[in-house]
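Heads up: the structure comes next, in structure tokens.
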Amino acid sequence: MLGGRRGAIDATLPPVAFAAGWLIGGESLWAGVGAALVTGAAVAGWRLRRGDRPRSVLIGLLAVCVAALITLRTGRAADFFLLQLLSNAASALAWAVSIVLRWPLLGVVVGAALGQRSRWRRDPALLRAYGRGSWVWTATYVLRVAVFVPLYLSGQVVALVVARVALTWPLVAAALAVSWVVVRRSLPPGHPGLRHPVDPAGAADGADDPHRSRE
């Protein structure tokens, strides 16, 4: 959903390299930024060799470059994490708004993965279940912001790195598990499941579902 394990690598290795370079270089911003850029470029090259889409690879590298520029511009090491803080705040807002607008992002992502486009929205039970599951993901972004903000304001670079790593892989795994349970328990008994949205008349919308013939 959020870039997978490779996306998590993009999100964790450059910040770790930045903190390591910053500490080894005697709290030198240039040492930290240089280490982060080298690591980001190495990760980008590795992902390209593995056949990842160039656009997603370049976006990951661009984020590192922007964080580096912000840090050098302000002269404050903690500002390397400012972009991450702002992106999590924006993500929390986007997920919450999507639920209010009855286009929960969890449904958008899962529906696209299942080839359903927007058919899942015609099923009131699925729409409600995806809305509840989306609150789980909203909470993950709110949690990150709540942890990052005090650490950022106090300039705790090492603590920011630890928090970023801890709130990437483990938190995403937990959100996947919890949101799955929430969605499944939100569906009424007898519901045919995520792959088969039910239309308002109560008939399973599976006639044109390519997955039904294989189940």
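The values are calculated or read from the model by the stated rules, or taken from the named source; none is laboratory data. Keep in mind it's a predicted model, so treat the numbers as computed, not measured. Cβ: placed from backbone, ideal geometry, glycine included. Neighbour counts: every protein chain shown. With ligands, DNA and RNA removed, areas are computed over all heavy atoms of the protein, side chains included. Shrake-Rupley method; radii C 1.70, N 1.55, O 1.52, S 1.80 Å.
Figures for the structure shown
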read-out: Residue that is touching a Lys or Arg at 6+ places or on another chain (Cβ under 9 Å) and surrounded by fewer than 21 Cβ atoms within 10 Å (Cβ to Cβ), where the choices are ARG117, ARG121; value: ARG121
read-out: Selected residue (criterion: nearest to GLY115 (Cα to Cα)) from residues of the range 156-200 that are in contact (Cβ under 8 Å) with a residue 24 or more places away in the chain, touching an Asp or Glu at 6+ places or on another chain (Cβ under 9 Å) and not in a helix (DSSP H, G or I); value: ARG195
read-out: Residues that are out of contact with any helix residue (DSSP H, G or I) (no Cβ under 8 Å at 6 or more places or on another chain) and either outside any helix (DSSP H, G or I) or without any contact (Cβ under 8 Å) to a residue 60 or more places away in the chain (or both), drawn from the range 117-127; value: ASP123
read-out: Filter pass, ALA129 being at negative phi, open to solvent by 30 Å² or more (accessible area, probe 1.4 Å) and among the aliphatic types (A, V, I, L, M); value: no
